[in-house]
Amino acid sequence: MNIYGKTLKDLETYFTLIGEKKFKAIQVYDWLYKKRVNSFDEMTNVKKLVIEKLKEDFSINKLNILKVQNGKNVHKYLFELEDGNKIEAVLMNHDYGNSLCVSTQVGCNMGCGFCESGRLKKVRNLETYEMVSQILIVEEIQKIRISHVVLMGIGEPFDNYDNVMKFIDIINDDHGIAIGARHITVSTCGIVPKIREFTKEKRQVNLAISLHAPNDEIRNKIMKINKVYPLKEVMKAVRDYLKENHRKITFEYIMLKDVNDGDECALELANLLKGLTAYVNLIPYNETSHIEFKKTDRDKIMRFYDILKKNKINVTVRKEFGSEVSAACGQLRSNFEEGK
Ligand code: SAH
């Protein structure tokens, strides 16, 4: 078991079980996340006997870094996991802070037609420590503090629900990495039962829904998951979430040329979202050589934006960060595999 996969509560239980005081958990957390040591031996206020026990029961390894690509305000990292699988994380320097886009699975089974990550089917879920490690390593390499985390890398967070929730607990813990809940965003393609489970937990973290289409006809064509959980069910789960959580929700909408970017789509979208405390994030599509979808021209994106605005929908256009460093999800990994 890797120590970076343990919540503070897990460690408290552990120490109680081995007959030690549970406050030791806070001491260990302090060494891991505040002082950032790399070995148990460095935990000098923990007695020898306990250190030996920790060494016996836990590993303290982080991920290997294979490649870093630096752009102007964007940095991309390719990691190797202990079993040789590869995943990515992307750091974006915004004026409000540093945001890290974290992967949650090796590959993805959701099968969205425009997405590079999904070309590799899911190999396995990431363990909690593998997600925590992405943050620790990037902070170490860049010598910065990450202020925001978005679960928008490779994988579907709600298809790895338990590990992802543990990850959130660890990074949100004041004794851990201490990233505020409102600075953490979970993004899902719309797995309805998990949206409902998440609703019940009443967490303060942000929820984003990858909508990408205003109706079933278009959504079925580009997102396989819509055949399992059609738009109507997703929207019902969203309305229930908003009722119970009094939070805002974000809808991500990738602009795909001649697929979902027409005036009539904008109007239909405005209608769909009318009255919800939500906002729409229009995403300029990051083209990839393997997939035939093209990006919508800037003018047309702004036209779509204007229609939503006129219809009183809160809307922003996502800043384009990644194209210079192949930042569309999964691109770095697949380029690497192809020897580029
Ligand atoms: N599976 C989750 C989270 C990972 S994808 C989800 O679907 O939300 C994170 C976001 O990036 C999603 O909105 C996804 O649709 C989007 N995305 C995928 N490929 C992209 C590309 N080539 N360009 C721009 N956004 C992309």
Review point. Can you tell me which of 52, 80, 127, 56 is modelled with pLDDT of 95 or more, open to solvent by 20 Å² or more (accessible area, probe 1.4 Å) and within 15 Å of the chain's Cα centre (by Cα)?
Key: 127
Exercise for review: Consider residue 98 carefully, then state whether it is more than 16 Å from the ligand (Cβ to nearest atom), free of Cβ contacts under 8 Å to residues at least 60 places away in the same chain, touching a Ser or Thr at 6+ places or on another chain (Cβ under 7 Å) and not assigned by TED's automatic domain parsing to the domain that holds residue 9.
Suggested key: yes
**Study point:** Condition broken by residue 84, with the remaining ones in (1) free of Cβ contacts under 8 Å to residues at least 24 places away in the same chain; (2) of a type outside the set (Phe, Trp, Tyr); (3) within 16 Å of the ligand (Cβ to nearest atom) satisfied
**Key:** (3)
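Where in the stretch 245-340 are there strands (runs of 3 or more DSSP E), lying fully within it, with 2 or more residues that are open to solvent by 70 Å² or more (accessible area, probe 1.4 Å), away from the ligand (no atom under 14 Å from the Cβ) and modelled with pLDDT of 90 or more?
Numbers: elements: 249-255, 278-284, 314-317.
By residue number, no strands (runs of 3 or more DSSP E) qualify.
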Revision key, fill the gap. Of the residues in the stretch 199-244, those that are in contact (Cβ under 8 Å) with a residue 40 or more places away in the chain, open to solvent by 20 Å² or more (accessible area, probe 1.4 Å), away from the ligand (no atom under 13 Å from the Cβ) and not basic (Lys, Arg) come to 204, 215, 218, 233, 240, 244
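So, residue 229, is that one modelled with pLDDT under 95, aromatic (Phe, Trp, Tyr) and closer than 25 Å to residue 150 by Cα or not?
Values: modelled with pLDDT under 95: no; aromatic (Phe, Trp, Tyr): yes; closer than 25 Å to residue 150 by Cα: yes.
No; evaluated as a whole, the condition is false for this residue.
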Check your understanding: Does any residue of the stretch 9-20 turn out to be open to solvent by 30 Å² or more (accessible area, probe 1.4 Å), at pLDDT 95 or above and under 19 Å from residue 137 (Cβ atoms)?
Key -> no
**Study point:** Cβ pairs under 7 Å, 6+ apart, first in the stretch 1-25 and among the polar types (S, T, N, Q), second open to solvent by 40 Å² or more (accessible area, probe 1.4 Å) and part of a helix (DSSP H, G or I)
**Key:** 7/166; 7/169
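From the list 78, 49, 8, 17, which residue is outside the structural domain of residue 175 (by TED's automatic domain parsing), hydrophobic (A, V, I, L, M, F, W, C) and within 20 Å of residue 146 (Cβ to Cβ)?
On the way: 78 fails: outside the structural domain of residue 175 (by TED's automatic domain parsing); 49 fails: within 20 Å of residue 146 (Cβ to Cβ); 17 fails: within 20 Å of residue 146 (Cβ to Cβ).
So the residue among 78, 49, 8, 17 that is outside the structural domain of residue 175 (by TED's automatic domain parsing), hydrophobic (A, V, I, L, M, F, W, C) and within 20 Å of residue 146 (Cβ to Cβ) is 8.
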Check your understanding: Can you find a residue in the stretch 154-172 that is in the same structural domain as residue 240 (by TED's automatic domain parsing), surrounded by fewer than 21 Cβ atoms within 10 Å (Cβ to Cβ), β-branched (Val, Ile, Thr) and within 12 Å of the chain's Cα centre (by Cα)?
Key -> no
Point to revise | Residues within the stretch 146-186 that are over 13 Å from residue 205 (Cα atoms) and within 14 Å of the ligand (Cβ to nearest atom), tallied | key: 10
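The values are calculated or read from the model by the stated rules, or taken from the named source; none is laboratory data. Because the structure is a prediction, the values reported are computed rather than measured. Because the Cβ atoms are built from the backbone with ideal geometry, glycine has one as well, and the counts that use them run over all protein chains shown. Calculation scope for accessible area: heavy atoms of the full protein, side chains included, ligands and nucleic acids excluded. Shrake-Rupley method; radii C 1.70, N 1.55, O 1.52, S 1.80 Å.
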